[in-house]
Amino acid sequence: MELVLNTFGVTLSRDNEGFVIVTAEGKQRIPAEGITSIQMSRGAQISSDAVLLAMEKEIEVLFVDKAGAVIGRIWSPKYGSISTIRKGQLAFSFSKDALEWIKEVLRQKIENQQALLLMFRSDNEAQNESVAKSIAKMEDHREKLGKLDGDIVADVAAQLRGWEGQASKIYFDTLNIFLPEHLRFQNRSQHPALDVVNALLNYGYGLLYGKIEGSLIKAGVDPYIGILHRDDYNRPVLVYDVIELYRVWVDYVVFSLVSQNSITDDYYSVKEDGSYWLEPLGRRVLIQSLNDYLEEVTNVRGISRSRNQQIFLYCQNLAQKFKKFDE
């Protein structure tokens, strides 16, 4: 369970082996058992005793900005790794194996996007025809990604970004036709979002970034050593690589909410510069919807696991892949 504290003035303190949340409405005690992370937004407060309890129980504490991005993290000293994983990670990043890995990540991303487009098919033949054409175009880009060859990622990095970017543009343009007309957007906009759908996507991706970074750290992997995304100062660039496998989960949650016409003016605000930002209600609904989706248990290759567990196991397997490069 993820504990989310995003109400201004809320405080979190310790009570023996549990936490106490204090708001204007009163107090609530929550046992530490079962909590996997604590998310703190601006205006929320946490006591040092509560931080120490979180560390004892190996509960990560995340501090997020108004866009949902993690700007600070406290984790248990038990998270960590033997140096062979990090040494191997560096060796891997300059190998041909890294190129094959990132090619497969991007190919899988496009395949996931194609699958989501198929889920949004309807009784409208014109829409279904658009979906079929888009999937065919995306498949062409996916095949071109697979055929790229080089000794290291840098040899074909521009082509990798180009084919992936073109496939993503086709994908979002096609998803857009399934939205209520007044919520359709011109383009993907990130910093800042220029419409409410992009504000929801950006916030959802921010939440997912935090979860993936936490899983990498727990697995002993350095999130600051990337493969395709590299050399960004003070940025967890490996997270930007791994998230490509899972972005579609945020897309599904956001587009499901929007297509149900459940978004109201209370979900967001528009600033003087035309940027869109989620308000507490919008953040609360999105956080709850995404967390529910990630905790949902699905069957993968005959094994039932939550999507959160799938992310963590992937990061563990990645750590083992890196470790072999130092053996």
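Out of the residues in the stretch 274-319 meeting the condition of being in a helix (DSSP H, G or I) and basic (K, R), tell me which one is surrounded by the fewest Cβ atoms within 10 Å (Cβ to Cβ). Here the answer is R284. For S304, are the conditions met, namely being more than 17 Å from G214 (Cβ to Cβ) and within 18 Å of the chain's Cα centre (by Cα)? Considered against the rule, which asks whether it is more than 17 Å from G214 (Cβ to Cβ) and within 18 Å of the chain's Cα centre (by Cα), S304 comes out as no. Each residue in the stretch 42-71 was checked for being open to solvent by less than 20 Å² (accessible area, probe 1.4 Å) and in contact with a strand residue (DSSP E or B) (Cβ under 7 Å, 6 or more places away or on another chain), and 8 of them qualify. For the stretch 1-22, taking the residues that are among the polar types (S, T, N, Q) and surrounded by 14 or more Cβ atoms within 10 Å (Cβ to Cβ), the one that is nearest to the chain's Cα centre (by Cα) is identified as N6.
The residue list L160, L194, L179 contains one member that is closer than 30 Å to V270 by Cβ and at pLDDT 90 or above, which is L194. Reported count of residues in the stretch 112-127, each being surrounded by fewer than 15 Cβ atoms within 10 Å (Cβ to Cβ) and under 19 Å from the mean Cα position of the chain (by Cα), is 1.
Output yes when any residue across the stretch 89-96 is of a type in the set (A, V, I, L, M) and touching a residue at least 40 places away in the same chain (Cβ under 8 Å), and no when none is.
Yes: one or more hits.
For the structure I just gave you, tell me whether D65 is within 30 Å of G165 (Cβ to Cβ) and modelled with pLDDT under 85.
Values: within 30 Å of G165 (Cβ to Cβ): yes; modelled with pLDDT under 85: yes.
So D65 fits the description; yes.
Considering (1) under 12 Å from the mean Cα position of the chain (by Cα); (2) part of a loop (DSSP other than H, G, I, E, B), the lone condition that G204 does not fulfil carries the number (2).
Of the numbered criteria (1) surrounded by fewer than 20 Cβ atoms within 10 Å (Cβ to Cβ); (2) touching a helix residue (DSSP H, G or I) at 6+ places or on another chain (Cβ under 7 Å); (3) touching a residue at least 24 places away in the same chain (Cβ under 8 Å), the one I85 fails is (1).
Yes/no per residue for (1) part of a helix (DSSP H, G or I); (2) under 20 Å from S37 (Cβ atoms); (3) open to solvent by 30 Å² or more (accessible area, probe 1.4 Å):
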| residue | (1), (2), (3) |
| --- | --- |
| F185 | no, no, no |
| L194 | no, no, yes |
| L208 | yes, yes, no |
| L216 | yes, yes, no |
| V258 | yes, no, no |
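Among the residues examined, W249 does not qualify as open to solvent by 40 Å² or more (accessible area, probe 1.4 Å) and either modelled with pLDDT of 90 or more or in contact with a Gly (Cβ under 7 Å, 6 or more places away or on another chain) (or both).
Restricting attention to the stretch 264-273, the residues that are open to solvent by less than 80 Å² (accessible area, probe 1.4 Å) and more than 10 Å from L200 (Cα to Cα) total 3. Applying the set (1) open to solvent by 60 Å² or more (accessible area, probe 1.4 Å); (2) in a helix (DSSP H, G or I) to H141 leaves exactly one unmet item: (1). Annotation: Q190 fulfils all but one of (1) within 21 Å of the chain's Cα centre (by Cα); (2) in contact (Cβ under 8 Å) with a residue 12 or more places away in the chain; (3) surrounded by 15 or more Cβ atoms within 10 Å (Cβ to Cβ); the unmet one is (3). Which members of the stretch 156-165 meet the condition of being crowded, with 16+ Cβ neighbours inside 10 Å and not charged (D, E, K, R)? Passing the criteria: V156, A157, L160, W163. Would you confirm, using the coordinates I've provided, whether S76 is open to solvent by 20 Å² or more (accessible area, probe 1.4 Å), modelled with pLDDT under 85 and over 17 Å from V4 (Cβ atoms)? Criteria not met by S76. Filtering the stretch 31-41 for residues that are in contact with a Lys or Arg (Cβ under 6 Å, 6 or more places away or on another chain), more than 22 Å from D292 (Cα to Cα) and at pLDDT below 90 leaves an empty set.
The values are calculated or read from the model by the stated rules, or taken from the named source; none is laboratory data. Because the structure is a prediction, the values reported are computed rather than measured. With ideal geometry, Cβ positions are generated from the backbone for all residues, glycine too; neighbour counts draw on all protein chains shown. Please note that ligands, DNA and RNA were not included when accessible areas were found on the heavy atoms of the full protein model with its side chains. Shrake-Rupley method; radii C 1.70, N 1.55, O 1.52, S 1.80 Å.
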